[in-house]
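The values are calculated or read from the model by the stated rules, or taken from the named source; none is laboratory data. What you are looking at is a predicted structure, and each value in this text was computed from that prediction instead of being measured. Heads up, the Cβs are rebuilt from the backbone with ideal geometry, glycines too, and the neighbour counts pull from every protein chain shown.
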Amino acid sequence: MSGGVDSTIAAFLLQQSGYTVRGVHLLLWPPAPYLAHSAATLRAEDAARRMGIDFQILDWREQFQSKVIDPYLNELSQGLTPNPCVRCNRQIKWGALLRFALAQGAEQLASGHYARLVRGEDGLVSLWRGRDRSKDQSYFLSALNQDTFQHMLFPLADMTKAEVRQLAAGLDLPSFEGQESQDLCFLGAGGQEEFLQTYAPQLLEPGEIVDSSGTHIGQHPGLALFTVGQRRNIRVAGPEPYYVLRKDLEHNRLVVGFKDELSADGILATDVNWISGSAPDLSRTYQMKIRSAASPAEGQVQILPNGDIIARLEKPLRDITAGQRLVIYDGDQCLGSALIIESRG
């Protein structure tokens, strides 16, 4: 229970369905001494009290630092664009927390994620998009394995966010007005630049912006603030908008160019995870997302001898970015994902 409306209503629905429900609230960030009057913690505690369920607070800030924040900063230093939400789901929420819950005697771990789970006749659990497409979180769950899905519950699978808020408004629960969960929750209101200034100022070394021919055309405030395909904040005038082509870590240079220089139809990816435990029919065409907010792109997948995959897209994309997940769908079903290494023409 994060203290938000989604996890609170998930707990309420489970209770109404006859489950014995226990609430757990994780302290993950910031690393400074925890303030007992944190608004999110108080809301979660108050909601659990009103529903009459056991409630526990776990201080896992050290785990979050070592398993999510440190790898995130390390990957940024390598010029990657990491997705810490995928790592957090794998390492913390559906890793350490699931193990904790099972050790406490729980049979399942539930959350307020907007995604659907379907158990087949063979006992395998499949992951599907949630009914609310604007809130669907299957992308962030795509790196989890079948053993994990066997113990998961998503009570909000068939609800929209509007329906969740409407239900909450009619119950004796804390007010959730203005409260909304967000990706990269640890960044706070100041965003990426303020976060890095505080926790990793070494990643904000200014350097040159050059075009694809190597000509100096401007200055950047730190390579970690940019990602391949990015257009905003380059702040260099040109005959047409500039986009980030790549990061030259050796010389601390941001290489920019025009959108026709970005397109690629091939994606090399590693850390392959098939939710069913085995690869699907690779002779078929599937839909693929290269970022959580990206539109699905049609393509096919080939498995390499070392276990990595190459995806071939029917139409080129211009913002394929190392460090993000390539998530593969068959319609609404999420088949799995892999970590993008590079784009290929």
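Looking only at the range 265-307, residues that are among the small types (Gly, Ala, Ser) and touching a Leu at 6+ places or on another chain (Cβ under 7 Å) come to 4 in all. If the condition is being of a type outside the set (S, T, N, Q), surrounded by fewer than 17 Cβ atoms within 10 Å (Cβ to Cβ) and modelled with pLDDT of 95 or more, then the range 37-56 contributes Asp46, Arg49, Arg50, Gly52, Asp54.
Say we look at the range 57-95 and pick out the residues that are surrounded by fewer than 17 Cβ atoms within 10 Å (Cβ to Cβ) and of a type in the set (Gly, Ala, Ser); which of these is nearest to Val125 (Cα to Cα)? Result: Ser66.
Listed by position, the helices (runs of 4 or more DSSP H) enclosed by the range 1-109 that each have at least 2 residues that are closer than 23 Å to Glu177 by Cα are 5-16, 39-51. From the residues in the range 185-222 that are part of a loop (DSSP other than H, G, I, E, B), touching a Leu at 6+ places or on another chain (Cβ under 8 Å) and small (Gly, Ala, Ser), which one is surrounded by the fewest Cβ atoms within 10 Å (Cβ to Cβ)? So the residue we want is Ser212.
Annotation note: of Tyr329, Tyr243, the sole residue that is among the aromatic types (Phe, Trp, Tyr), over 21 Å from Gln146 (Cβ atoms) and at pLDDT 95 or above is Tyr243.
Name every residue in the range 216-229 that is free of Cβ contacts under 8 Å to residues at least 40 places away in the same chain and under 27 Å from the mean Cα position of the chain (by Cα), in order of residue number. Matches in the range 216-229: His220, Pro221, Gly222, Leu225, Phe226.
Do we find that Leu187 is in contact (Cβ under 8 Å) with a residue 12 or more places away in the chain and in contact with a helix residue (DSSP H, G or I) (Cβ under 9 Å, 6 or more places away or on another chain) in this structure? Here the answer is no, as Leu187 does not meet what is asked.
Confirm whether Arg253 is charged (D, E, K, R), over 23 Å from the mean Cα position of the chain (by Cα) and in the same structural domain as His216 (by TED's automatic domain parsing). Against the criterion (charged (D, E, K, R), over 23 Å from the mean Cα position of the chain (by Cα) and in the same structural domain as His216 (by TED's automatic domain parsing)), Arg253 qualifies. Comparison of Asp59, Asp70, Asp54 shows that the only residue that is among the charged types (D, E, K, R), within 23 Å of Phe195 (Cα to Cα), in contact with a strand residue (DSSP E or B) (Cβ under 9 Å, 6 or more places away or on another chain) and not assigned by TED's automatic domain parsing to the domain that holds Ile340 is Asp59. The criterion of being of a type in the set (Asp, Glu), part of a helix (DSSP H, G or I) and either out of contact with any helix residue (DSSP H, G or I) (no Cβ under 7 Å at 6 or more places or on another chain) or free of Cβ contacts under 8 Å to residues at least 12 places away in the same chain (or both) does not hold for Glu177.
In this structure, does Arg22 turn out to be among the basic types (Lys, Arg), in contact (Cβ under 8 Å) with a residue 60 or more places away in the chain, touching a strand residue (DSSP E or B) at 6+ places or on another chain (Cβ under 6 Å) and on the phi < 0 side of the Ramachandran plot? It is true that Arg22 is among the basic types (Lys, Arg), in contact (Cβ under 8 Å) with a residue 60 or more places away in the chain, touching a strand residue (DSSP E or B) at 6+ places or on another chain (Cβ under 6 Å) and on the phi < 0 side of the Ramachandran plot. Restricting attention to the range 114-164, the residues that are within 20 Å of Ile290 (Cβ to Cβ), of a type in the set (Ser, Thr, Tyr) and at pLDDT 95 or above add up to 3. Of the strands (runs of 3 or more DSSP E) contained entirely in the range 243-333, those carrying at least 2 residues that are in contact (Cβ under 8 Å) with a residue 24 or more places away in the chain and over 30 Å from Glu121 (Cβ atoms) fall at 243-248, 253-257, 264-274, 309-317. Restricting the range 141-160 to residues that are assigned to a helix (DSSP H, G or I) and either outside the structural domain of Leu14 (by TED's automatic domain parsing) or free of Cβ contacts under 8 Å to residues at least 60 places away in the same chain (or both), the residue that is farthest from Pro84 (Cα to Cα) is Asp147.
Does the range 277-297 include one or more residues that are surrounded by 15 or more Cβ atoms within 10 Å (Cβ to Cβ), in contact with a Ser or Thr (Cβ under 7 Å, 6 or more places away or on another chain), outside the structural domain of Cys85 (by TED's automatic domain parsing) and more than 30 Å from Val210 (Cβ to Cβ)? Checking the range 277-297: not a single residue is surrounded by 15 or more Cβ atoms within 10 Å (Cβ to Cβ), in contact with a Ser or Thr (Cβ under 7 Å, 6 or more places away or on another chain), outside the structural domain of Cys85 (by TED's automatic domain parsing) and more than 30 Å from Val210 (Cβ to Cβ).
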